[in-house]
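Have a look at the structure below, then the notes.
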Amino acid sequence: ISTAIRELRRGLTAVVKERLDRASIRPEAVPALFRVLTTMPVDAFAIIRGFTHGRSAVQSRAFREVEFACAPLDPRDFEHAGRIDIGEDTLQDVYLAMRKTHPDVRVVEESMRRLDRAWVAMKRGHWGITLKVIGTVPGTGGTAGASYLKHAATMSLFPRLSEVA
């Protein structure tokens, strides 16, 4: 995402579109992994959960970096994740600013929306598997667990894109 921001500032819209499309492939693949986890007995999953060291994969630093690089977020939504300093401008900020003066930048919007759909679907899947496998127990990252994940699953990577639809 950080590279996409730099490339977008340089007007490399086709490169950014391709980069975001490639980035979308990863979260689009996650639902298949979640389906496998739902086949595990709860006590077997508990063993895995014991090795998460206080965080699940989707609460990792890398996932937070993606979210913070995409759009300004309310830090209260991530009180347990810690703030990650990735710079001042987000991909959403740069896109919206350039959209006014560089009409060709609009080709990037479709790829941003694809990444957003994949990210939200991945978060919804995480919430669903949590409910199915471990229920409403507290989360490994110190969160409220499933209720935190339900809220996180509704958060768009690019919330202001809906304003320009």
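The values are calculated or read from the model by the stated rules, or taken from the named source; none is laboratory data. This structure is a prediction, so every number in the text was calculated from the model and none was measured. Using ideal geometry, Cβ is built from the backbone for each residue, glycine included, and neighbour counts are taken over all protein chains shown. Areas reflect the complete protein model, heavy atoms only, side chains present, ligands, DNA and RNA absent. Shrake-Rupley method; radii C 1.70, N 1.55, O 1.52, S 1.80 Å.
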The number of residues in the range 101-115 that are surrounded by 13 or more Cβ atoms within 10 Å (Cβ to Cβ) and either under 21 Å from the mean Cα position of the chain (by Cα) or assigned to a loop (DSSP other than H, G, I, E, B) (or both) is 8
Taking the range 137-165 and the residues there that are modelled with pLDDT of 65 or more and not in a helix (DSSP H, G or I), the one that is nearest to residue 105 (Cα to Cα) would be 158
Exercise for review: For residue 23, indicate whether it is assigned to a helix (DSSP H, G or I) and closer than 18 Å to residue 109 by Cβ.
Suggested key: yes
Across the range 27-44, the tally of residues that are farther than 29 Å from residue 116 by Cβ and either open to solvent by less than 60 Å² (accessible area, probe 1.4 Å) or part of a helix (DSSP H, G or I) (or both) stands at 4
Expected output for the range 1-21 (first residue at positive phi, partner open to solvent by 50 Å² or more (accessible area, probe 1.4 Å), Cβ below 7 Å, 6+ apart or cross-chain) is 11/102
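One line per residue, one yes/no per condition, for (1) over 20 Å from residue 164 (Cβ atoms); (2) at pLDDT 95 or above; (3) touching a Cys at 6+ places or on another chain (Cβ under 6 Å):
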position: 2; (1), (2), (3): yes, no, no
position: 15; (1), (2), (3): yes, yes, no
position: 32; (1), (2), (3): yes, no, no
position: 41; (1), (2), (3): yes, no, no
position: 60; (1), (2), (3): yes, no, no
position: 84; (1), (2), (3): yes, no, no
position: 91; (1), (2), (3): no, yes, yes
position: 101; (1), (2), (3): no, no, no
